[in-house]
Amino acid sequence: MNINWQNISQQEFISDYWQKKPVVLKNALPNFAEPITPDEVAGLAMESFIDSRLVTNKNGDWRVTHGPIEQFDELGDSHWSLLVQGVDRWIPTVFDLRSAVDFIPKWRIDDVMVSYSTPHAGVGSHLDQYDVFIVQGQGKRRWKAGAVDSLLQQTEKAKDLLQVDDFTAIVDEVLEPGDIIYIPPFSPHNGETIETAINYSIGFRAPSQQELISGFADFVIDSEIGLTRFQDDELVVNNQSDSLINDAQLKKMQLMLTDLINNDGHFEKFLNQGLTAPSRELDIPEEVEQHTTDYLVNLFFNSNLNINKVNGVETSIYNDGTAISFFCCGEEFVCESHQIDFIRFLHHQNNVTSEQLKSSLKWLENIQLVTTLINQGYWYIDE
């Protein structure tokens with residue numbers, strides 16, 4: 001699925017709009033086929049393991065109800081929206097929407113949220129701290145978006161619902177099926193439904209400094225690294241100083257931390273682990289059938305099978321020339337050098353056949369890895 005660039009080119013979008021200002025891409029996905037039905041959206045909202053919200057705004061009275069949402073009969077025909085996160089994990093056709101923005105680095109994509117909204121519904125004028133592409137499905141919505149302004153203040157209009165005051169719109173358009181609006185971080189925006197609509201919001205990750213520091217600290221502790229202690233072999237005594245620590249000691253401590261990040265691939269491994277960890281629930285059964293390596297080898301060599309990666313499962317490879325690790329769903333699998341082509345194949349493919357695997361199964365390590373991935377539920381056999 002590719003965006004039909006008409007009024008601007010892909011390069012113009014990256015140069016002039018990405019993280020700079022909002023833009024509407026008319027007829028970006030021609031002949032758009034709805035990837036989900038309203039009943040399916042409602043069904044997902046009823047599940048306890050899926051993050052969903054119901055936002056109502058009748059008579060200006062804003063209210064938010066968190067899922068699972070079990071009753072819809074008394075809501076009426078207007079002024080309510082149902083928002084369901086991580087739908088791409090559960091509906092393959094919704095997952096396919098991610099390919100429309102594959103010119104953005106894959107790790108940046110967080111999830112695809114689906115909203116079903118009735119006339120006059122929305123969540124009000126608000127800000128997001130991340131990029132979002134909103135694809136218009138059925139119906140029509142009027143979108144207004146303003147210039148990026150990180151100083152805008154939001155107030156809690158209702159519990160768990162932040163909104164900004166009125167803003168000057170630089171985009172004001174009605175979206176129809178197949179249209180896309182791109183909204184960068186801190187661009188105030190508001191979508192109001194004209195005709196009952198479904199929207200698909202492809203949201204992006206934007207880690208904060210706090211998240212990176214906190215996550216890396218956990219990684220350091222779990223990995224039992226960072227045990228080097230401060231040493232002061234050139235002690236300088238100055239009892240007249242106001243500070244308990246002098247500049248040389250301060251810089252040594254700063255260097256201890258930066259060395260931990262810059263040396264030995266620690267930070268790179270942390271990122272590979274963290275960015276492959278699922279941010280939403282995945283469609284993996286609580287109990288996955290367990291197979292032996294012998295059983296799978298026999299199956300692959302004597303059957304024509306498809307082996308599929310579960311939607312939302314992310315993988316990555318760390319290779320510093322001496323050590324190689326394959327990361328999947330936040331787990332690290334240490335590999336041998338001769339496995340590099342095999343793990344690259346697994347990393348880049350969402351679907352493989354048993355015929356494609358045969359040549360790689362001469363190595364025991366490859367057999368053990370694919371067995372573990374299947375037994376963990378990250379890949380599944382489609383017979």
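The values are calculated or read from the model by the stated rules, or taken from the named source; none is laboratory data. Please read these numbers as outputs of a predicted model, since none were measured by experiment. For neighbour counting, all protein chains shown are included, and Cβ atoms are generated from backbone atoms with ideal geometry for every residue, glycine included. Note: accessible area is taken over every heavy atom of the protein model, side chains too, but ligands, DNA and RNA are not part of it. Shrake-Rupley method; radii C 1.70, N 1.55, O 1.52, S 1.80 Å.
The single condition among (1) out of contact with any Asp or Glu (no Cβ under 8 Å at 6 or more places or on another chain); (2) open to solvent by 50 Å² or more (accessible area, probe 1.4 Å) that residue 178 does not meet is (2).
Please pick out the residue among 160, 179 that is out of contact with any Pro (no Cβ under 9 Å at 6 or more places or on another chain), on the phi > 0 side of the Ramachandran plot and acidic (Asp, Glu). Residue meeting the stated conditions: 160. Would you confirm whether or not segment 259-274 contains a residue that is part of a loop (DSSP other than H, G, I, E, B) and more than 24 Å from residue 330 (Cβ to Cβ)? Checked against the condition, which is being part of a loop (DSSP other than H, G, I, E, B) and more than 24 Å from residue 330 (Cβ to Cβ), segment 259-274 yields no hits at all. Looking at (1) closer than 18 Å to residue 272 by Cα; (2) open to solvent by 70 Å² or more (accessible area, probe 1.4 Å); (3) in a helix (DSSP H, G or I), which is the one condition that is false for residue 345? That leaves (2) as the condition not met. Of the strands (runs of 3 or more DSSP E) contained entirely in segment 92-150, those carrying at least 2 residues that are open to solvent by 60 Å² or more (accessible area, probe 1.4 Å), farther than 17 Å from residue 314 by Cα and without any contact (Cβ under 8 Å) to a residue 60 or more places away in the chain fall at 140-146.
You will find that of 240, 249, 290, 231, the residue that is modelled with pLDDT of 90 or more, of a type in the set (S, T, N, Q) and out of contact with any strand residue (DSSP E or B) (no Cβ under 7 Å at 6 or more places or on another chain) is 290 and no other. Is it the case that residue 68 is open to solvent by 70 Å² or more (accessible area, probe 1.4 Å) and either free of Cβ contacts under 8 Å to residues at least 24 places away in the same chain or among the hydrophobic types (A, V, I, L, M, F, W, C) (or both)? The answer is no for residue 68. Out of segment 71-83, which residues are open to solvent by 60 Å² or more (accessible area, probe 1.4 Å) and touching a residue at least 12 places away in the same chain (Cβ under 8 Å)? 77, the sole residue that qualifies.
Residue 219 meets the conditions (1) within 18 Å of residue 258 (Cα to Cα); (2) surrounded by fewer than 17 Cβ atoms within 10 Å (Cβ to Cβ) in every case but one. The failed one is (2). Among all positions in segment 253-271, there is at least one residue which is surrounded by 16 or more Cβ atoms within 10 Å (Cβ to Cβ) and touching a residue at least 60 places away in the same chain (Cβ under 8 Å).
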